[in-house]
Amino acid sequence: MSPMLKYQLNDYKKPVLYYYMIFIAIFILSAGSTNITFNGSTSSIQFAGIEFASMIFLFVTGLNSFKDNFFMGIQNGVTRKELFKTHLLEMIIIAAVMSVADQIFLVIGGQVANVISSLEFSGLMQIGYPEYFSNQSLLILTLTNLVFKFVLYTMAIAIGYFITVAFYRMSKKIKTIVSVGIPVTLFMLLPMLDELLYSAGIVDLHISSRIGNFMLAVTGSSSGNPWIACLFFFVIMTLMCALSWLLLRRATIKNR
Amino acid sequence: MKIELKDVSKKFQDTQALNKVNLNFEEEKIYGLLGRNGAGKSTILNIIANRQWASDGQVFIDGQSAWENSQAQKKVYLMSEKCMYPGSMKGEKALKWSAAFYPEFDLDYAKFLADAFELNLNKKVSSLSTGYSSIFKLIVALSVNTPFVFFDEPVLGLDANHRELFYQKLIEKYSEKPFTVVISTHLIEEISQIIEEIIIIDHGKIIFNESCEELLQRGYTVSGPINIVDRLVAGLNRIGSDQLGGLKTVTILGEQNFSDLPKGIEIGKLDLQKLFIKITSNKGVNNDHESNA
Amino acid sequence: MKLNFDDNRPIFLQIAEGIEDGILTDVFKEGEQIPSITEISVTYQINPATALKGINLLVEEEIIFKKRGVGMFVKSGAVSKLEEKRRNEFFENYVKKMIEEAGKLKISKQEIVAMIGRGFLDNEN
């Protein structure tokens, strides 16, 4: 194993460990607290889509895994090419480990939820693709579940990483334009334009609905097929990685 | 084994930081890379160490292209003003990781140096004062054992005792196991006896690149009454002059061959610091600016 | 050993001279070891190549010798050799120059001799 990979994995070890410790603590606490009654009514606790939590966690770690590693690598004679390769390897390793871990949690959580009736425990697949979930054999289901998580997680890391590399490469001016421009365009200009075009009769369907439909289609929700989502996540992940490399290739250490 | 820079240029937006720089860093020599702030010293080092890329030209380390070449990069270490370690990393950890990246890194020596400089390795590197941050980076650079080690402003924030200790340890290390040392600084006086080769850079161009001893022997000062001095140095390569009342001192670069010195004229030794100030100040060189005044 | 970097002469000559002075004043006795290149360069904070150049000068003049892997030693007979060398230098640098200067000032031979006598007297007091 290259020293850089060892270094980066070592860097990831603590946050991942903390993440699962907190996760387990919350789970045990809630499993215990379900027996307590408030005002005569038993509380019901839902753990729905634990993958979503992991995805956010990995997106944030993706955001945090560029600058420090880039500086440390360059100081120690590691090339950008090696840094990128290490990033890919690390992404694959972390996503794989967490996919398996989350899958194990899903199984254990499901068993515990079976015993404690007021506890609900379900994965993203179960919620997003109920039909597929109830129709497949356990083996196929587990496999789909693992692949689904894996591509989802790699995508989350890849997006986070891309955003930081992109911000690192931007000049102060562009940084400001982007940080203001994107939310304004997305949440003000676009809805306004959408409404304008629709009320003027130029488009027969809201752009937002079209986007919504597109999202439903590419995540396989409309067809009930999680493999379509896997493909979509994979494409996004590949795109993000490719763009990250183009930006990293010429990244420099600014003097001050 | 050497480092070669061939026609290296660097442009930042609208400023030309380096202009066709040609340089060699030979094996086992101590170089002083001198220049004023913003002259391009750091840019040269940053390009060699892959922190920045050259807009034009090429850098070779031991015959291999330096850019994005891990094999070549393993032969150089750059200690820079900028702290490259993560904010939460402690000194001890940073040393440990340096040892993981550089197989020749001498961890015991690094700890010995930390002791000598009274550096607390349990502190986060990023929380160290300017002086101790420099010290930490110096310790890594002195322990890394790569064939080329670059020091960019190594004594920034160090007190006189620590500066002396650094120069001593550097010489000790170098004389026990020679390596190529490049010290980039504007504190010339302190390193003038240590460096073998001197490179002076001004506005992105190399204006001097020769042995320190030769340069010192080539330069001298002539001082005395204005009219006699002026007559004596007419036609010589003047690089600067000072005037105090009727007394004038002119700094000359070139062979010293006065057959007989007129009364009241004194020949003095060239001071590296003074030479540096003279040749890098923006005043015209060799212009008869005094006649225009 | 004292070094004066403001001196106009190259550092390596000053290093050689410093060691010669040490030998002449019995700081380094014949047959004894002198400081290593590392010690010299660290002490005076000079480039080891410069120190080596100074030392090599003394090796060429057969005042010191190197023992591989052990160090550098003062050769026997070094003191008398140095004394002779310094005497010659004394004549060249001081006596000749003095006579030259005296010529400019029109000081006669007798006057010089008298001055030297006076100098000795001053020194004794």
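The values are calculated or read from the model by the stated rules, or taken from the named source; none is laboratory data. These figures come from a predicted structure and were not determined experimentally. Ideal geometry is used to build each Cβ from the backbone, glycine not excepted, and the neighbour counts take in all protein chains shown.
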Checking C:Glu83, C:Glu62 in turn, the sole residue that is within 17 Å of the chain's Cα centre (by Cα) and in a helix (DSSP H, G or I) turns out to be C:Glu83
Picked from region B:3-39 (must be among the hydroxyl-bearing types (Ser, Thr, Tyr) and surrounded by fewer than 21 Cβ atoms within 10 Å (Cβ to Cβ)), the residue nearest to B:Gln71 (Cα to Cα) is B:Ser9
| Looking at region C:35-57, is at least one residue part of a helix (DSSP H, G or I), at pLDDT 90 or above and aromatic (Phe, Trp, Tyr)? | no
Within region C:63-73, the residues that are touching a residue at least 40 places away in the same chain (Cβ under 8 Å) and either outside the structural domain of C:Ile40 (by TED's automatic domain parsing) or more than 13 Å from C:Ala16 (Cβ to Cβ) (or both) are C:Phe73
If we keep only residues of region B:163-211 that are facing chain C (nearest Cβ under 8 Å) and among the aliphatic types (A, V, I, L, M), then the residue farthest from B:Phe117 (Cα to Cα) is B:Ile195
In region B:163-212, residues that are within 14 Å of B:Val149 (Cα to Cα) and small (Gly, Ala, Ser) total 1
Of the residues in region C:41-61, those that are more than 9 Å from chain B (Cβ to nearest Cβ) and of a type in the set (Val, Ile, Thr) come to C:Ile55, C:Val59
Determine, yes or no, whether A:Arg210 is away from every other protein chain (no Cβ under 14 Å) and either basic (Lys, Arg) or over 23 Å from A:Thr86 (Cα atoms) (or both).
yes
Within region B:144-154, restricting to residues that are touching a Ser or Thr at 6+ places or on another chain (Cβ under 7 Å) and in a loop (DSSP other than H, G, I, E, B), the one that is surrounded by the most Cβ atoms within 10 Å (Cβ to Cβ) is B:Pro154
Residue hits (region A:55-75; at the interface with another protein chain (Cβ under 8 Å from one of its Cβ atoms) and either small (Gly, Ala, Ser) or buried (at least 22 other Cβ atoms within 10 Å of the Cβ) (or both)) are A:Met72, A:Ile74, A:Gln75
Here, strands (runs of 3 or more DSSP E) confined to region B:183-293 with at least 3 residues that are at pLDDT 90 or above and surrounded by 19 or more Cβ atoms within 10 Å (Cβ to Cβ) are B:197-202
Turns out the helices (runs of 4 or more DSSP H) fully within region B:15-134 with at least 2 residues that are away from chain A (no Cβ under 14 Å) are B:91-101, B:107-116
Across (1) touching a Phe, Trp or Tyr at 6+ places or on another chain (Cβ under 8 Å); (2) closer than 19 Å to B:Ala110 by Cα; (3) not aromatic (Phe, Trp, Tyr), B:Ile183 clears everything bar (2)
Checked region C:23-40 for anything surrounded by 18 or more Cβ atoms within 10 Å (Cβ to Cβ) and more than 14 Å from chain B (Cβ to nearest Cβ); matches are C:Ile23, C:Phe28, C:Ile34
Going through (1) within 19 Å of B:Leu165 (Cα to Cα); (2) more than 8 Å from chain B (Cβ to nearest Cβ) one by one, C:Ile64 fails only at (1)
Q. For region A:98-106, does any single residue satisfy the condition of being over 18 Å from the mean Cα position of the chain (by Cα) and in a helix (DSSP H, G or I)?
A. yes
Filtering region A:76-117 down to residues that are in contact with a helix residue (DSSP H, G or I) (Cβ under 7 Å, 6 or more places away or on another chain) and either among the basic types (Lys, Arg) or within 11 Å of chain B (Cβ to nearest Cβ) (or both) yields A:Asn76, A:Gly77, A:Val78, A:Thr79, A:Arg80, A:Glu82, A:Leu83, A:Phe84
Scanning region A:202-256 residue by residue, those assigned to a loop (DSSP other than H, G, I, E, B), under 18 Å from A:Tyr132 (Cα atoms), of a type in the set (Gly, Ala, Ser) and touching a residue at least 40 places away in the same chain (Cβ under 8 Å) turn out to be A:Gly220, A:Ser221, A:Gly224
When every residue in region A:121-160 that is among the aromatic types (Phe, Trp, Tyr) and closer than 30 Å to A:Gln8 by Cβ is compared, the one surrounded by the fewest Cβ atoms within 10 Å (Cβ to Cβ) is A:Phe150
